[in-house]
């Protein structure tokens, strides 16, 4: 009966989010029923329109200096309210724990004394910056924005793959994807109740303003970008535009007398909060890389003096170090006295001799990751690696075991994806974004679903040919399939007898003045009248 | 407004106007070459290239194909329409967060025609028509969606300075072809000024009248004096201070002097050596651009940290 999903076979052990063998999973009922009538050529037409609109809008990212449209799959991923509630509380819990951990690491270090995590794990992390020690942020927030990467294991349970609390990117695509899909599948969108994602910039701006240095009532917020050639420049520009703040580059800033100023046509103006999208190492040539042109000399000292807030804070990298990740469940228990809502993926630390021995024996079955890598760089997937690659890996691991972790090959869950004219299962992950304003951790209902477009591919990063999907978080409880929806029965609420029901004031429609017609229009109507009269007279 | 953004706005204005005016000039010249068989193609083309500022003498034979390549299609030639549109888009990308979405899309879709090859597939005169239409779309969108703040004044300033410069080049091309056919008619048409000119001068078509109209008319929006007037106004708006005497802004001084000189000299005097006068005008607009850069955009170039890590 279905023309679109016919012949779709979910592959292997991975959890397919739409189909349970042949049966449809509940969140996708409406999606299928609304797409059933669509034919493949119709779908292809919409896909083409989608791609053209992304190019026209300039929704692009750079690979090696070349600008490409960000690949967006037309089929959305649907997440039910209940599932989302778990994700939301799990992410909130995690961010709270990370905040507490960072505050502790750069202060008293109670977590080391209590034996939760060895001090050398932090001290050996390349992202631990002594420059950030004893800096107390204005409203206590270090992780203003975070992206917690989740995957769904073979049983369908969400697990945390990694934490990103430095400069997580991708949120702009969550917003543009929704707009693009609304244009491509308007009927389908209308049949769902989807939680909106467009409120993100306002939440972010509120959190950034709340983080302003003490005493500043109307802070000037800026977004700091490495520049137009950065891969995520589109996102930086979009965030600055939708927050209504300046997008600055390092050369626009200058530190003067303990203040950060920006160069404007009217001279120097003070800056209070910098949402920086530049890595720690490039922020300030005085303290970090002296050859960096992306930052501004003196920024770190200004931040230490409490005259400017950097968001996210400097030195956050220790918390998303992949080795620290392995301690996170203990860290959550230690600070929050709660069990983790979202589990980690099983991980071996190669610094431990026992674990190392086991892993080295099973190198061809496991995934090995460098602890400070990002963007899928340096990852070796055991079953797919050749013998020489594994040998090389073994040498590297033995040289520097601290730099590696190992995980079992996790089959990421699959979602139907439209590639090369047909539907097929493709692996996806999910990056929900959280904004911490000091009072509450707010999780954007949606997040970025990245999809590996090549068949069977498990690495979803866009730098490795990944695309994205619009992620729909449904509002309200699951609804039965539309066919069986009964007509709603209205129950009138009883009204107290002595009180007449409030009736709306009698409203007369506002009469507006008709639009004034120009001489051309009035002449035309006069002429017509004359013609009609002329036609009448001879009769 | 950030200096860097102001600079981008200024150059969006200039590049869009440059693309449009180059299309207008090429439109007249290709038309002339087609219509009039008596014109020496080689020398006309050489003159055109030199007026448009193409550096160095090309040794091989210069013909209309080379001219079109240099001034319209080639993305590597700095004076071509293609590179002007690409540069406009690059400037817009750098000021992306300050532009309205329709404005950005108008510029970006224009550029996309170049990167997708659609632009190169178009032939004269359709391509010139297309460039004029895109410029009109961008300018119209700017007019309809931009707040009249500093960004707008910088955009207008760029557009007006470029227009004064390019109209002077257009007048120079007309004067070169003087005596052969009716170059002034074509020039007036290129500016869309032909009808306005005929009505103003009661149908009396003279070279002098046409030059006067394009250089000095205070009401026609593409005339040099009109454009300079507008540029001065923009600078006036940008200078917030209430001044009592004289002008502090170097660019304003340069442009004001240029305009008054044009207006107060006798036309015959200017007409006597039109190409050189026009070149002088172009030099002054270049100086004015430098002055604007110094007073508003300075300091936005990257700095290197020379300190020693302690």
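The values are calculated or read from the model by the stated rules, or taken from the named source; none is laboratory data. All values reported here derive from a predicted model rather than from experimental measurement. No Cβ is skipped: glycine too gets one built from the backbone with ideal geometry, and neighbour counts run over all protein chains shown.
Of the listed requirements (1) out of contact with any helix residue (DSSP H, G or I) (no Cβ under 6 Å at 6 or more places or on another chain); (2) part of a helix (DSSP H, G or I); (3) farther than 17 Å from residue A:127 by Cβ; (4) assigned by TED's automatic domain parsing to the domain that holds residue A:459, residue A:332 misses just one: (1).
If only one of A:361, A:320 is under 22 Å from residue A:97 (Cβ atoms) and either assigned by TED's automatic domain parsing to the domain that holds residue A:453 or over 29 Å from the mean Cα position of the chain (by Cα) (or both), which one is it?
A:320
Whether a residue is under 18 Å from residue B:12 (Cβ atoms), within 13 Å of chain A (Cβ to nearest Cβ) and assigned to a helix (DSSP H, G or I) was assessed, and residue B:107 passes this test.
A quick yes/no check of all residues on (1) surrounded by fewer than 22 Cβ atoms within 10 Å (Cβ to Cβ); (2) modelled with pLDDT of 80 or more:
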{"residue": "B:15", "(1), (2)": "no, yes"}
{"residue": "B:23", "(1), (2)": "no, yes"}
{"residue": "B:28", "(1), (2)": "no, yes"}
{"residue": "B:31", "(1), (2)": "yes, yes"}
{"residue": "B:43", "(1), (2)": "yes, yes"}
{"residue": "B:49", "(1), (2)": "yes, yes"}
{"residue": "B:60", "(1), (2)": "yes, no"}
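Are any of the residues in the stretch A:350-370 at pLDDT below 90, out of contact with any helix residue (DSSP H, G or I) (no Cβ under 7 Å at 6 or more places or on another chain), away from chain B (no Cβ under 14 Å) and not in a helix (DSSP H, G or I)? Yes, the stretch A:350-370 contains a residue that is at pLDDT below 90, out of contact with any helix residue (DSSP H, G or I) (no Cβ under 7 Å at 6 or more places or on another chain), away from chain B (no Cβ under 14 Å) and not in a helix (DSSP H, G or I).
Kindly indicate the residue of the stretch B:138-155 that is closer than 24 Å to residue A:179 by Cα and in a helix (DSSP H, G or I) and also farthest from the other protein chains (Cβ to nearest Cβ) among those meeting that condition.
B:144
Among the residues of the stretch A:195-243, the one identified as in a loop (DSSP other than H, G, I, E, B), at the interface with another protein chain (Cβ under 9 Å from one of its Cβ atoms) and free of Cβ contacts under 8 Å to residues at least 12 places away in the same chain is A:228.
Taking the criterion of being surrounded by fewer than 18 Cβ atoms within 10 Å (Cβ to Cβ), assigned to a helix (DSSP H, G or I) and touching a helix residue (DSSP H, G or I) at 6+ places or on another chain (Cβ under 8 Å), the residues of the stretch B:197-208 that qualify are B:200, B:207, B:208. Selection of the stretch A:390-411 for residues being closer than 28 Å to residue A:119 by Cβ and not in a strand (DSSP E or B) yields A:396, A:397, A:398, A:399, A:400, A:401, A:402, A:403.
Name the residue, out of B:268, B:251, B:288, that is away from chain A (no Cβ under 14 Å), assigned to a helix (DSSP H, G or I) and at pLDDT 90 or above.
On inspection, the qualifying residue turns out to be B:288.
Scanning the stretch B:114-128 for residues that are within 24 Å of residue B:192 (Cβ to Cβ), free of Cβ contacts under 8 Å to residues at least 12 places away in the same chain and either within 14 Å of another protein chain (Cβ to nearest Cβ) or in a helix (DSSP H, G or I) (or both) returns a single hit, B:126. The set of residues in the stretch A:382-413 being touching a residue at least 60 places away in the same chain (Cβ under 8 Å) and either over 29 Å from residue A:20 (Cβ atoms) or buried (at least 17 other Cβ atoms within 10 Å of the Cβ) (or both) consists of A:402, A:405, A:407, A:410, A:411, A:412, A:413. Within the stretch A:283-309, the set of residues being within 14 Å of chain B (Cβ to nearest Cβ), more than 29 Å from the chain's Cα centre (by Cα) and in contact (Cβ under 8 Å) with a residue 12 or more places away in the chain comprises A:285, A:286, A:287, A:297, A:298, A:301. Restricting attention to the stretch A:250-282, the residues that are within 8 Å of another protein chain (Cβ to nearest Cβ) and crowded, with 24+ Cβ neighbours inside 10 Å add up to 1. The condition of being farther than 28 Å from residue A:404 by Cβ and at pLDDT 90 or above holds for only one of A:336, A:328, that being A:336.
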